[in-house]
Each structure stands twice: as structure tokens, then as C-alpha cells.
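The structure appears below as C-alpha cells.
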Amino acid sequence: LQPAKIAVPFLCAAAMHELGHLAAARLLGIRLRSLDIGPLGATIKVREGLISYKKEFLLCAAGPFVNLAGAAASAFIVDRCDAIEWFCAISLMLALLNLLDDLLHTLVFVHYKVDAEQEQFADDIRNG
């Protein structure tokens with residue numbers, strides 16, 4: 001296993017993933033504050049405080065969708081080289097890991113929002 005053989009396909013798959021998120025944000029009219037790239041991935045921060053659940057879902061799903069589409073497209077290339085095989089595998093891995101992470105994030109976000117709304121409702125009742 002040679003790291004150099006994996007680096008370029010990994011960077012291509014990761015770049016496609018983030019471009020999927022950025023394209024979705026643009027199509028959905030979500031204004032972004034920043035795209036922070038760290039050692040374990042990237043984080044997109046929106047300018048708006050909260051966005052709708054539908055937009056949140058579409059924004060989260062866009063990156064994995066692009067990875068799945070890239071993996072599917074690369075699977076149909078007849079004369080595949082090692083780099084294409086790695087790209088396909090890495091794209092699938094990124095898609096699955098991000099779908100799980102985004103799903104957990106969305107569930108926690110929804111749970112937090114529901115808890116906050118219930119607390120606000122209780123405060124409204126207490127305060128008349």
C-alpha cells in the first residue's frame with residue numbers, strides 16, 4: 001500500500017464531496033459564512049442562524065450524493081487504473097461515513113431544537 005497512490009484519489013473525492021455541499025448551498029440560497037478545512041474533514045458554517053430542516057437535510061446529503069455519483073460513474077470506466085479503483089472505494093467510504101455523521105448530526109439537532117421549543121413552551125406557561 002503506497003500512500004502516494006491513495007493521496008490524489010482521496011483529495012479528488014474529498015474535493016468533490018465539499019463541492020457538492022457548496023453547490024447545494026448555492027442552489028438552496030443558503031449564504032455561507034465559512035468553509036473550515038481541518039485534519040478530519042471540513043465544516044460549513046452558514047450565515048443565517050438556523051435553516052429549515054429540509055434545507056439542512058439537502059445540504060447534508062449533497063456531499064455524499066456527489067460521492068455516490070462519482071463512485072457509480074467511475075465503476076463504469078472500462079479501463080480502470082489503480083487510481084480510479086481507489087477513487088471509487090474512497091468515494092463510497094466518504095459517502096457512507098458522512099451519511100452516518102450527517103444523520104446523527106441532524107437527529108441531535110432536531111432533538112435539541114425540540115427540547116428548546118418545549119422549554120420555551122414551559123416558560124411561556126409559567127410566565128402566563
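The values are calculated or read from the model by the stated rules, or taken from the named source; none is laboratory data. Owing to the predicted nature of the structure, the values given are computational and were not obtained by experimental measurement. Neighbour counts run over all protein chains shown; Cβ positions are idealised from the backbone, glycine included. With ligands, DNA and RNA removed, areas are computed over all heavy atoms of the protein, side chains included. Shrake-Rupley method; radii C 1.70, N 1.55, O 1.52, S 1.80 Å.
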With contacts defined as alpha carbon pairs under 8 Å and 6 or more residues apart, what's the relative contact order of region 1-81 in percent?
33
When the accessible area of region 1-65 is split by element with a 1.4 Å probe, what percent falls to carbon and sulfur?
68
With all protein chains modelled, accessible area of residue 48 [1.4 Å, Å²]:
60
Rank 82, 102, 36 by accessible area, highest first, at a 1.4 Å probe radius?
82, 36, 102
Name the residue from 50, 69, 93 whose Cα lies farthest towards the positive end of the charge dipole of region 1-108, charges +1 on Cβ of Lys and Arg and -1 on Cβ of Asp and Glu.
50
Given C-alpha coordinates of region 45-87, what is the ratio Rg to Rh with the Kirkwood estimate of Rh?
1.25
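When the solvent-accessible surface of protein heavy atoms is calculated with a 1.4 angstrom probe, in what order do 34, 52, 91 fall, highest first? Show your work: numbers first, answer last.
Details: 34 35, 52 60, 91 0 Å².
Greatest to least solvent exposure: 52, 34, 91.
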Accessible area (Å², per residue) of region 46-93, counting only protein heavy atoms and a probe of 1.4 Å
61
